Amino acid sequence: LLLLSGNGFDLGTDGINCLEKASSCSVAFRGFIRSVLPNGNSNQLLRLILVEIAWLLQCLPYILLGMLLNYPSVKNNSRLNTKHTLIFFIVFLSFSALGLLKSFKLLYFPQGLYEVGTACSLLLCGISLSKNLEENRLIANLGVCSFGIYLMHYLIMKPYETLVARLPMEAIGLSPALTMLMLATLTFVTSWIITSLLIGRKPISRILFGS
């Protein structure tokens, strides 16, 4: 409902990047601001508060899933195996296929349902797969940080996109595919490092990630 009503979290609208021109567009609850506060764009504090509210609302399904998976009766009685990994992966592929059909305007599929479905099915797939992996410190840290990486990656990616757009890629010799790979790698590694550092600080970790 948040996305369909035009009140979702958005860093840029109408081809304008809000990171480059901070007062150029609303970043959350655009429909609400247009109808109630036409000049709300000029109030930076209001924009910050609305972004926080929209971001928290979009994160609620993942927070609920995390709480459910950590509930004692669920956590102690879960018996995930390779069969469940395959099932969750098929569910992920199904949501991805529906999202792809929507992108080509062949089928209507709600964006919110696509985001929640793909993220939750991949998370459950990873949890079930982890039962069959040997213990590894790096993988264990990645598992702990995965939720934070997901929450943070969009905010990290946008500054990198702005920076990459200003670089002379043709002169450097990077193809579009390599540029995208570099951008994805930088975003992932930076999000992982920041999340890992924040998780080490318990008061901040409880507020941001609930752990």
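The values are calculated or read from the model by the stated rules, or taken from the named source; none is laboratory data. Since the structure is predicted, the reported quantities are computational estimates derived from the model, not experimental observations. Neighbour counts are summed over all protein chains in view; Cβ atoms, including those assigned to glycine, are modelled from backbone coordinates with ideal geometry. The area values use the complete protein model at the heavy-atom level, side chains included, leaving out ligands, DNA and RNA. Shrake-Rupley method; radii C 1.70, N 1.55, O 1.52, S 1.80 Å.
Data for the structure
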read-out	value
So E134, is it surrounded by fewer than 16 Cβ atoms within 10 Å (Cβ to Cβ), within 26 Å of I194 (Cα to Cα) and of a type in the set (D, E, K, R)	yes
Test result for K83, at pLDDT 75 or above, of a type in the set (D, E, K, R) and surrounded by 11 or more Cβ atoms within 10 Å (Cβ to Cβ)	no
Residue, farthest from G148 (Cα to Cα), within region 54-80, restricted to residues that are open to solvent by 70 Å² or more (accessible area, probe 1.4 Å) and among the aliphatic types (A, V, I, L, M)	L68
Any hit, region 34-43, residues being at pLDDT 80 or above and open to solvent by less than 80 Å² (accessible area, probe 1.4 Å)	no
